[in-house]
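Quick notes on the structure that follows.
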Amino acid sequence: MSNKSTPVTPSQVTQTVRAGIECDDPTGCVVPPIHLTSTFAFRGFGQKRGYDYTRSGNPTRDLLAGALAQLELGHGAVVTATGMAAITLVGYLIPARARIVAPHDCYGGTYRLFDAWHRRGEREVEFVNFADEAAVRAALAKPTALLWIETPSNPLLRITDIETFAGWGKASGALVVVDNTFLSPAWQQPLTLGADLVVHSTTKYLNGHSDVVGGAVVARDQAHHEQLLWWANCLGVTGAPFDSFMTLRGLRTLHARLDHHGRNALGLAQWLNGQPGVKRVYYPGLPGHPGHELARRQQRGFGAIVSVEIAGGHEGVRAFVAELECFSLAESLGGVESLVAHPATMTHAAMDPGARLKAGLVDGLIRLSVGIEAFEDLQRDLALALERAASVLPAAAAGRAAAVC
Ligand code: PLP
C-alpha cells in the first residue's frame, strides 16, 4: 500500500491510461480539454505566451507527444498529420542526396516515397533484402546517412534484429530509425535497442479505432528532437488538435486492446496453419516462423497481423474475401475491428510488380488485421470463407500445401 509519503512509480500501463489526466488545474477537468485554436493571443506587445500558432505548437498535441515520448522512453516526440508525414519529416534530418538503406519489403507508402526521392536525385536509396545479413552489411559498407528498419515488416512480418542492425548502422555513420507501427511501444521499444528515432503511424494501434490518421516521430536525444520540431514547423506537417485529442483517447486503452488483439491473432494463426486452402501462414508467434526466437527476445508480444497465402492466387483471394463477414476488406490495420487487405492490389499496389514479387508479395497473399471481436466468430468466418473459396476453385488450386513462415 502506498500513501502520500511513498509516491507510486507508475507502470507503463498506468502511465498510458492516465496520460494528461487531471492536467488542467483551473477547471479540474479530469479529461484534458481540446485546444481547438489556430492562434494564441499575446499578453501584450512583445509578450508571447507559451504558444503562438498551432502549426508550431499546441497544448493538446503536446500532451499526445509527451505521452508517446514517455511510452517509447525517448527525450521527446513530434506528432504529425499522418504516418507518411512522420516518415517525410525524418528524411529532412539528413542532407540532400544523402544515402538511405531500407528494406526491400517495407510498407508500400515508404517504398514509394523513398523510390521517388531516389528517382528525383533527392536522396540515394538502396533497397536491400533485410533477411540477407551479408547484403545488409555490404550495403552499409558505404557511408550511409540513414538506416531504415521496419520490424515486423508489412506485410510479411519479417523480424529484424534491431540491436545488431543499429550497431552496423552506427558504424556506417547512419541515423538509425525504426518504424514501430506494427507493435507499438507496448510490445517493442526500439530506442532501448540502439535506435535514434522511432516512427509511428498512429493511425494504427496507438489510436486503435480507425477514426483518425496521424503519425509521430520519437527522438532518443534532445538534439534530434529539436531538429524534428524545427522541420515539422517549417514543413507544416504537424498534427491537428482534434486528431491529437482522439489519439490520446485511444491510447489510454492501448495495453488492454493489445492483450485481446494478440490472443485472437495467435489463436487464428495456429488454427489457419494447416487448413485446406491455406498455402502459408506468416506470424512471428508460430515456432516455425524464421523470426520466432528473435521476436521472443526483442518483443513483448507477437503482434496482431497475420498474413496468409491462399491457394488459387488472385482468383482464390477474390473468392475468399467475397465470403468474409467479420473482416472488412479495407486498407489499414490496428483498429479494434478486423480487416483483410490484399497487398498486391491495395497497400503495396504502388510498388512495381517486379519489385513486389522480389519482396515475396505474391498474388495469393492476404493480410489480416485481427481485431478484438469474439475469437469464435472470427474463426468461423475464416473457415466458411476458405470452404466457399475452395468450392469455386479448380481442385489443383484449392489443394493444401501448408508451410509455416
Ligand atoms: N508505416 C507503416 C508500417 C504502415 O503500415 C503505414 C500505413 O499503413 C504507414 C507507415 C503510413 O501511415 P499513414 O497511413 O498514417 O500515413
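Hey, what did the chain get for relative contact order, percent, Cα under 8 Å, at least 6 apart? Result for the chain is 17 percent. In terms of accessible area, using a 1.4 Å probe and ignoring ligands and nucleic acids, Glu22, Glu133 rank largest first as Glu22, Glu133. Distance from the alpha carbon centroid of segment 209-282 to that of segment 91-106 works out to 22 angstrom. As a ratio to 2.2 N^0.38 Å, the alpha-carbon radius of gyration computed for segment 207-333 takes the value 1.37. At the listed q of 0.08, 0.13 Å⁻¹, the Debye profile of the chain, built from one uniform point per Cα, gives log10 I(q)/I(0) equal to -0.44, -1.10.
Averaged over its residues, the chain has an accessible area of 43 Å² per residue, based on protein heavy atoms and a 1.4 Å probe. Largest GNM mean-square fluctuation among Leu228, Leu384, Leu286, using the chain with Cα springs under 10 Å: Leu384.
Seen against the Cα atoms of the chain and their longest principal axis, helix 59-72 is set at about 60 degrees.
Taking every protein chain into account, the 1.4 Å probe leaves Tyr92 with about 80 Å² of accessible area, to the nearest ten. Against the chain, whose longest principal axis comes from its Cα atoms, helix 375-392 is set at around 40 degrees. Rolling a 1.4 Å probe over the protein heavy atoms leaves Arg263 with an accessible area of roughly 150 Å². Here's how it looks for Asp179: its modeled amide H is under 5 Å from those of Ile149, Glu150, Thr151, Val199, which are all 5 or more places away or on a different chain. Helix 222-235: angle to the longest alpha-carbon principal axis of the chain, degrees 0 to 90, nearest 10? The angle comes out at about 80 degrees. Here is how the number arises for the chain: DSSP H runs of 4 or more residues each give -39500 (n - 2.57), the sum is divided by the residue count, and the result at 222 nm is -11000 deg cm²/dmol.
Projected onto the charge dipole of the chain (+1 at Lys/Arg Cβ, -1 at Asp/Glu Cβ, origin at the Cα centre), which of Gly277, Ser201, Ala134 gives the Cα projection farthest towards the positive end? So the residue we want is Ala134. The distance between label points at Glu124 and Thr14 comes to 5.2 nm (points 7 Å beyond Cα on the Cα→Cβ vector).
Would you mind giving the average projected area, over all directions, of the Cα convex hull of segment 254-404 in nm² with one decimal? Each step should come with its number before you reach the end.
Working: hull surface 34.6 nm².
The directionally averaged projection comes out at 8.6 nm².
Under unit Cβ charges (Lys, Arg +1; Asp, Glu -1), what dipole magnitude, rounded to 20 debye, does the chain have relative to its Cα centre? Walk me through the intermediate numbers first.
On the way: 35 positive and 37 negative charges, 126 e Å.
With only Lys, Arg, Asp and Glu charged at Cβ, the dipole is about 600 debye.
In terms of accessible area, using a 1.4 Å probe and ignoring ligands and nucleic acids, Glu325, Glu315 rank largest first as Glu325, Glu315.
So for the chain, if I pair up every lysine 8 or more residues apart or on another chain, how many of those pairs have alpha-carbons under 27 Å apart? Mind showing how you got there, number by number?
Working: Lys142/Lys170; Lys142/Lys358; Lys204/Lys358; Lys279/Lys358.
Lysine pairs satisfying the spacing and distance rule in the chain number 4.
In a simple Cβ point-charge model (Lys, Arg +1; Asp, Glu -1; nothing else charged), segment 94-189 has a dipole of about 380 debye relative to its Cα centre. Simple rule: put +1 on each Lys or Arg Cβ and -1 on each Asp or Glu Cβ in segment 59-204, find the dipole, and look at Ala116, Pro59, Thr181; the Cα lying farthest toward the positive end is Ala116.
The values are calculated or read from the model by the stated rules, or taken from the named source; none is laboratory data. A quick note: this is a predicted structure, and the numbers were derived from the prediction, not measured. Glycine gets a Cβ as well: all are built from the backbone with ideal geometry, and neighbour counts include every protein chain shown. Ligands, DNA and RNA are stripped out before the accessible areas are found, and what is left, the full protein with its side chains, is counted by its heavy atoms. Shrake-Rupley method; radii C 1.70, N 1.55, O 1.52, S 1.80 Å.
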